[in-house]
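To keep things clear, I will list the structure first and then write my remarks on it.
The values are calculated or read from the model by the stated rules, or taken from the named source; none is laboratory data. The structure presented is a predicted model; accordingly, all values stated were derived computationally and were not measured. So basically every Cβ, Gly included, is an ideal-geometry build from the backbone, and we count neighbours across all protein chains shown. For the accessible areas, the whole protein counts, side chains as well, though only heavy atoms, and no ligand, DNA or RNA atoms are used. Shrake-Rupley method; radii C 1.70, N 1.55, O 1.52, S 1.80 Å.
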Amino acid sequence: MSAHLERAQLLLQQSRPADAEREALLALTAAPDQPLAHAYLALSRSDQNRPAEAIDSARTAVGFAPDSAFFHYVYAIVLHRADREAEARAEITEAIRIDPETASHFSLLASIELSERHWAEALDAAERGLMLDPQDVGCANLRSMALVRLGRKEEAMQAVDFALAREPHNALSHANQGWNYLHRNNPEAAQDHFREALRLNPQLEYARSGMLEALKARNPVYRGMLAYFLWMGRQSRRLQGVFVVVTYFGMNGVNGLASHHPEWSKVLLPLLIAFYIFTYLTWTAGTMFNLLLRLNRFGRYVLSRDERVATNWFAACLVGVLVGVGYGFSGREEGWLGAVIFAVLSIAVSVVFSRRGASRRWFGIGAIGLAIAGLAGLAMLIVEQPGALAILIVFVVGFLALQIAANFVRR
Amino acid sequence: MSANDPLNSPLIPVPLREALRLSPDNAPLLSHVADLILKSGGIEEAESLFKRVLALEPENVPAKLGLVSAFFQQGKTSAALVIVETLVKGSPPPARALLLHARLALQAGETRLAAQQYQRAVEQDPSLVDGGLAQDLAAFLPKRFQGAQILSPKPDAEKNENPFSNESFLAPESSESSREALPVGDLPSDMQAELEKPATNFSDVGGMERVKEEIRMKIILPLQKPELFKAYGKKVGGGILLYGPPGCGKTFLARATAGEVNANFIAVGISDVLEMWIGQSEKNLHAIFEQARTHKPCVLFFDEVDALGANRTDMLRSGGRQIINQFLSELDGVAANNEGVLILAATNAPWHLDPAFRRPGRFDRILFVPPPDLPARAAILRLMLRGKPVADVDFDQVAKKTDGFSGADLKALVDLTVEEKLREAMSSGQIRPMGTKDLLEATKRHKATVRDWFDTAKNYALYANQSGLYDDILAHLKMTK
């Protein structure tokens, strides 16, 4: 292996993809037909969130050495990271066909199955990997992830304990154990593991995001919401859909009941208010509690730049809500409408920042359109311009469309 | 690249095109690409690329042979012949040039000359046996050259079936594979790094007072007052590790340090040391240290030191560990005396450096080189605009507007301003000096590049700072845990 390739390999291990890319390109200047250099190029570009280029490079590597399992494995990695799971599965299956004795091939397969919410298949793949190499930390962790989603939380914790006993300085295992504790609604213990994971690898995003959740979960409201999010995350897509539809129609029924039986309103009204707050929080809790975390001395540093930007926009929307409520209480009815518009915009902000790449751009454009329609409609209503109602209808339809799209378009 | 540029040819794989964009004057790469295009049938583009290689390296023999091949395939035999004839006059002539000459001569009807050249080619390199050509020249060839089966060609001789296929040009006589086969001990290091006497000193370094003070204490004073240090039994030498975001003047500071003490200066980059042959990198490193020891006082500066001293737990291969062991032993001066050799190193990623380098006697002072502060930015801008046409520049105002800019960012800012002024001067025909407004205008087009570095550094400072190593980063970011 050339010095440039060795360096590229090391830099990839050190999570320095831009430098690794430079070294791989230098290796290619000396020998343009090295599949390994193309593979490293693919991995470095994938790490820099440039999926199209990464896939192109990985495909070139496979083209140079189609009978090597390693290059199919790399191709599968970059496809998996680009959320192209079906193609990734095909590539890793090919890698396994060529070399069925490598545990890391099975850990990648398990990871692909997890992304597809095929918990049982993920568990099977991880266990096949562990049969080949019982020391494989990746397979052990993926087995634990699959187990927790299958509701076998105790076994999941034991699996990571076992991995940590073998390799106590493995950041991924600590992060995984942290998430296991979160699934068991124990954020304090989770924090200890996330802290250790971050000490071992401060760049591990899986641990940072876990730490963020654990810190937020110190608040009992968020702790409840997190338990709900994690529970929903363990369900299949079909069950998730059924749950949302049943809840929606159930609450519509309650609403109808309340209007037909005003005498029951003492019971039904709080129920409805709690439901609307809960629904609002399902969209915004993450960003809202990130905003609260900015008041915490340590917590504010755990937030990424992106999360801080999201909280800035969210805070602006909340100010809008408060101003609207203020005007509402002062007797100006448009104030209430303004508060609702800003509350809706705060949901749009949370949706936009929960996405990445092209999806975020499209949702961002949608949110800007929504803001223009809402604020223009409000302004026209205040100055009693005709057509305000039509624009506000556009706002409502736009919001419904955004919600539907957010439920069906991948992040 | 224009639309007619051969580098835009769809026959070139995208990664190679990108590599060429990064390194447009890389003759070996251009040559490789030309070979690839030629093999894919892009003869005219290949011709153009081989010419480009020869413009860069007029004596590049493989490129000349490639050009001959391109000419031949286009029927430009006289052009091909002109080049081949100069090549075969060489002493000794390249075997492949002789083979090409034989082909061309046969086409021109000079069968006797063709046979003669073919015979010489095959005598020089038996792998060039060409059954078809030998058959055409059979009447003029001795019997032993008449059939490919008589000789024992290389197993992959079929690749060389067509001498104009250019496949053969990819493996020159002293190919890498033959070098690889050499035993390690046969590769002595003739590594000689460039020795400098830098003209820059601390007065050329804007700001960085704390860092300069540390270097003064650790490096400059021991050299200027050796008796004082001797009295206290303190050795002169040791190392300082400079770390910080890229483009903040670590290298410049190291050079200025050498200038300050009027010492020799050796700047070592990773490419000066790392080589693919087993054991060679260690030898190169030793040779560099030896060179520094023989040119005392000498400041030895390792740029991107994390490449040579990466954390051993990150390493998969033992080869990388060997160089770390060698580096540590050179720093310790186990087999030689490092007295008078001052070692500076710079890195953007101190967290990836093996902890062994931080032990006393090695890089025992670790200094954070932050982006320049306000007075430093003003000082840097003053230095950068020295000698250029400027009028009434409010350096403090520009410095205020460039918070978070590295030295490299400030240079980019000045470059942008100069380019804009040049454009104006070209259209108006008058040279107008640069002013505050011009510099402030440029700040809108260039943003600070160190933000990403601080995002990473912040994580290490927050989570992996048990020894307080990164307290300077926390202080710089005004963070308290």
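Positive-end ranking of A:A189, A:T29, B:V88 along the dipole of the protein assembly as shown, with charges on Cβ about the Cα centre, is headed by A:A189. With both residues required to sit in the protein assembly as shown, DSSP beta bridges show an antiparallel share near 10%. A DSSP coil position with no more than 12 other Cβ atoms inside 10 Å describes the following trypsin sites (Lys or Arg not before Pro) in the stretch B:357-387: B:R386.
About the Cα centre, and with charges only on the beta carbon of Lys, Arg (+1) and Asp, Glu (-1), how big is the dipole of the protein assembly as shown? Nearest 20 debye, please.
On the way: 96 positive and 99 negative charges, 533 e Å.
Computed charge dipole of the protein assembly as shown: roughly 2560 debye.
Inter-chain Cβ neighbour count for A:14-25, averaged per residue, equals 3 (cutoff 10 Å, partner chain atoms only). Extension gain, B:K230 to B:E419, is 62.7 nm, computed as 0.36 nm per intervening residue step minus the present C-alpha separation. Of B:P389, B:F357, B:P372, which is farthest on the positive side of the dipole of the stretch B:326-415, counting Cα position, with +1 on Lys and Arg Cβ, -1 on Asp and Glu Cβ, and the Cα centre as origin? The residue sitting farthest along the positive end of the dipole is B:P389. Take A:349-356, A:23-30, A:283-290, A:223-230 and order them by the average number of nearby Cβ atoms within 10 Å per residue, most first; the result is A:23-30, A:283-290, A:349-356, A:223-230.
Taking the accessible area of the stretch A:7-165, probe 1.4 Å, and keeping the other protein chains in place, the carbon and sulfur fraction comes to 52%.
Of the chymotrypsin sites (Phe, Trp or Tyr not before Pro) found in the stretch B:203-283, those that fall in a DSSP loop while having at most 10 other beta-carbon atoms within 10 Å are B:Y232. Across peptide B:457-464, the average count of Cβ atoms from other chains found within 10 Å of a residue's Cβ is 6. The interface between chain B and chain A buries about 3300 Å² of solvent-accessible area in total (1.4 Å probe, ligands and nucleic acids excluded).
Please sort by residue number the GluC sites (Glu not before Pro) in the stretch B:1-106 whose DSSP state is loop and whose Cβ has at most 12 other Cβ atoms within 10 Å.
Numbers: sites: B:E18, B:E44, B:E45, B:E47, B:E59, B:E85; in loops: B:E59.
Here the GluC sites (Glu not before Pro) that fit, given the DSSP loop and packing criteria, are B:E59.
Listed by chain and number, the lysines placed with their C-alpha closer than 28 angstrom to that of B:K388 are B:K197, B:K212, B:K250, B:K400, B:K401, B:K411, B:K421, B:K437, B:K444, B:K447; residues fewer than eight positions away on the same chain are left out. For chain A, the longest principal axis of the alpha carbon atoms and the long axis of helix A:265-293 meet at an angle near 40°. With respect to chain A, whose longest principal axis is taken over its alpha-carbon atoms, helix A:357-382 is tilted by about 10°. Structure remark: mean-square fluctuation, Gaussian network model of chain A, C-alpha springs under 10 Å; the largest value among A:L281, A:L257, A:L43 belongs to A:L257. Per residue, the protein assembly as shown exposes 48 Å² of accessible surface when a 1.4 Å probe is rolled over the protein heavy atoms with every protein chain present.
Counting protein heavy atoms only, the stretch B:35-117 has 53 percent of its accessible area on carbon and sulfur, 1.4 angstrom probe.
Reachable lysines from B:K478, Cα under 17 Å, same-chain residues fewer than 8 places away excluded? Once the sequence-local lysines are set aside, what remains near B:K478 is B:K458.
Straight-distance candidates among the lysines for linking to B:K89, with alpha-carbon spacing under 20 Å and chain neighbours fewer than 8 residues away dropped: B:K64. Counting Cβ atoms of other protein chains within 10 Å of each residue's Cβ and taking the mean over peptide B:298-309 gives 1.
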